[in-house]
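*Asks:* Structure incoming, see below.
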Amino acid sequence: MTTKKKIALVSGANKGIGFETVKQLANQGYFVYLGCRSKENGIDALHKIKMLGFQDIEILELDVTKPQTIENAVNEIKSKFRKLDVLINNAGILGEMPQNASDNTIENLKNIFDTNFFGAVQLSQRFLELLKKSDQPRIVNVSSDLGSLTQNSNPGYPFYEVKLLGYNSSKTALNAFTVMLSYEFKDTNFKINSINPGYTATDLNGNSGTQTAEQSAKIIVEYATLDDNGPTGRFISEYGITAW
């Protein structure tokens, strides 16, 4: 299939911030792949989004912890469009609670990192081939200010007491990946950034966040659609640069 549209893939997109990100990209004229672990959940999400009038959206059964589903996703997009313009690594889990550093199980840590870090790394690496064929390739790693070592060490930080060994450190690792990958592609047309969407009401936190998913998706979409003058290798929120 040939199209003048830009092609985007959002992981973990059947609800919450990912779902809103798909809507906003589609509203800007992108053809968007809605990635989700469960095909059934994806079908339900696709139905909801098409009821709103969006058409250029397809679901991809994509579990970032399962390499075969990543391979299938690559082959699907390659066969239809032969390129990818935007990859948004949004899939993430909180993990089992509590997550004290003194007794959090290794099994829980591995489960969290499998999705939040290794999943994003695997997805990015496998899609680099198709991203390199884009005129303006963009990678957005959806992080959290809980992954900021600076903030975690600052008693004045509003969430200073939220010390979740697995979740926080997986986002710190994701930020490190952003720094390393953006450096590797600093002399190319790639823009690769970590985005801190803020404390958002989603299933991840029992919908206790102070922002809506729609509000939080805006900063993700902004950095997914950067022009050639946009920054790379940054940790950004709607309020500006977040300290690493």
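*Asks:* By the gyration tensor of its Cα atoms, with a ≥ b ≥ c the square roots of the eigenvalues, what is the shape of segment 1-94: rounded for a/c under 1.5, prolate for a/b over b/c, or oblate?
*Replies:* oblate
*Asks:* Keeping every protein chain present and rolling a 1.4 Å probe, give me the accessible area per residue for segment 139-244 in Å².
*Replies:* Heavy-atom SASA per residue in segment 139-244 reads 47 Å².
*Asks:* If the only charges are +1 at each Lys and Arg Cβ and -1 at each Asp and Glu Cβ, what is the size of the charge dipole of segment 1-103 around the Cα centre, to the nearest 20 debye?
*Replies:* 600 debye
*Asks:* Straight-line reach from Lys39: which aspartates and glutamates fall under 13 Å, measuring Cα to Cα and dropping same-chain residues less than 8 apart?
*Replies:* Glu58, Glu61, Asp63
*Asks:* What are the ³J(HN,Hα) values, in whole Hz, obtained from phi via the Karplus relation 6.51 cos²θ - 1.76 cosθ + 1.60 with θ = phi - 60°, for each residue of segment 52-66 in sequence order, with x given for Gly and Pro?
*Replies:* Result, rounded to whole Hz: 8, x, 7, 10, 7, 9, 10, 8, 10, 6, 9, 10, 5, 8, 10.
*Asks:* In nm, to one decimal, how far is the modelled label at Asp135 from the one at Val179, with both set 7 Å along Cα→Cβ?
*Replies:* That separation, rounded to one decimal, is 3.4 nm.
*Asks:* DSSP loop (so not H, G, I, E, B), at most 12 other Cβ within 10 Å: list which chymotrypsin sites (Phe, Trp or Tyr not before Pro) in segment 126-173 pass both filters.
*Replies:* Tyr160
*Asks:* How far apart, in nm, are the 7 Å Cα→Cβ label points at Ala101 and Leu128?
*Replies:* For Ala101 paired with Leu128, the spin-label model returns 3.2 nm.
*Asks:* Further question on the same structure: Using DSSP, restrict attention to beta bridges with both residues in segment 137-244 and report what percent are antiparallel, rounded to the nearest 5.
*Replies:* Percentage antiparallel, nearest 5: 20.
*Asks:* Write out the trypsin sites (Lys or Arg not before Pro) in segment 96-169 meeting two conditions: DSSP loop, and at most 15 other Cβ atoms within 10 Å of their Cβ.
*Replies:* Taking segment 96-169 and a limit of 15 other Cβ atoms within 10 Å, the loop trypsin sites (Lys or Arg not before Pro) found are Lys132, Lys133, Lys163.
*Asks:* Something else now. Roughly how big is the chain's charge dipole about its Cα centre, with Cβ charges of +1 (Lys, Arg) and -1 (Asp, Glu), in debye to the nearest 20?
*Replies:* About 680 debye.
*Asks:* Quick one, could you list the DSSP H helices from the chain stretching 24 Å or more along their long axis (Cα atoms) with average Kyte-Doolittle hydropathy of -0.5 or above?
*Replies:* Qualifying helices: 165-184.
*Asks:* Gaussian network model of the chain, Cα springs within a sub-10 Å range: biggest mean-square fluctuation belongs to which of Thr150, Thr178, Thr21?
*Replies:* In this elastic network of the chain, the residue with the biggest mean-square fluctuation among Thr150, Thr178, Thr21 is Thr150.
*Asks:* Moving on. Is the shape of segment 93-180 rounded, prolate or oblate, going by the alpha carbon gyration tensor and its root eigenvalues a ≥ b ≥ c, with a/c under 1.5 for rounded and a/b larger than b/c for prolate?
*Replies:* Oblate, because a/c is 1.5 or more while a/b does not exceed b/c.
*Asks:* Now for a different question. Could you sort out which of Lys15/Lys110; Lys23/Lys191; Lys5/Lys171; Lys5/Lys50 sit more than 29 Å apart by Cα distance in this structure?
*Replies:* Lys5/Lys171
*Asks:* Residues with amide H under 5 Å of Ser237's amide H, sequence separation 5 or more or different chain, H placed in the peptide plane at 1.01 Å from N; which?
*Replies:* Under 5 Å from the amide H of Ser237: Asn196, Thr242.
*Asks:* Using the crude model of +1 on Lys and Arg Cβ and -1 on Asp and Glu Cβ, and no other charge, please compute the dipole size for segment 103-210 relative to its Cα centre, in debye to 20.
*Replies:* Result for segment 103-210 is approximately 320 debye, rounded to the nearest 20.
*Asks:* Continuing with the same structure: For segment 79-127 and segment 137-154, compute the distance between their C-alpha centroids and round to whole Å.
*Replies:* One Cα centre to the other: 14 Å.
*Asks:* Between Lys133 and residues 5 or more places away or on another chain, which pairs have amide H atoms under 5 Å apart, with H built 1.01 Å from N, and which residues are they?
*Replies:* Amide H neighbours of Lys133: Leu84.
*Asks:* Carbon and sulfur together cover what percent of the accessible area of the chain at a 1.4 Å probe radius?
*Replies:* 51 percent
The values are calculated or read from the model by the stated rules, or taken from the named source; none is laboratory data. Being a predicted model, the structure only gives us computed values, none of them experimental. With ideal geometry, Cβ positions are generated from the backbone for all residues, glycine too; neighbour counts draw on all protein chains shown. When the accessible area is computed, the model is the full protein with side chains, heavy atoms only, and any ligands, DNA or RNA have been set aside. Shrake-Rupley method; radii C 1.70, N 1.55, O 1.52, S 1.80 Å.
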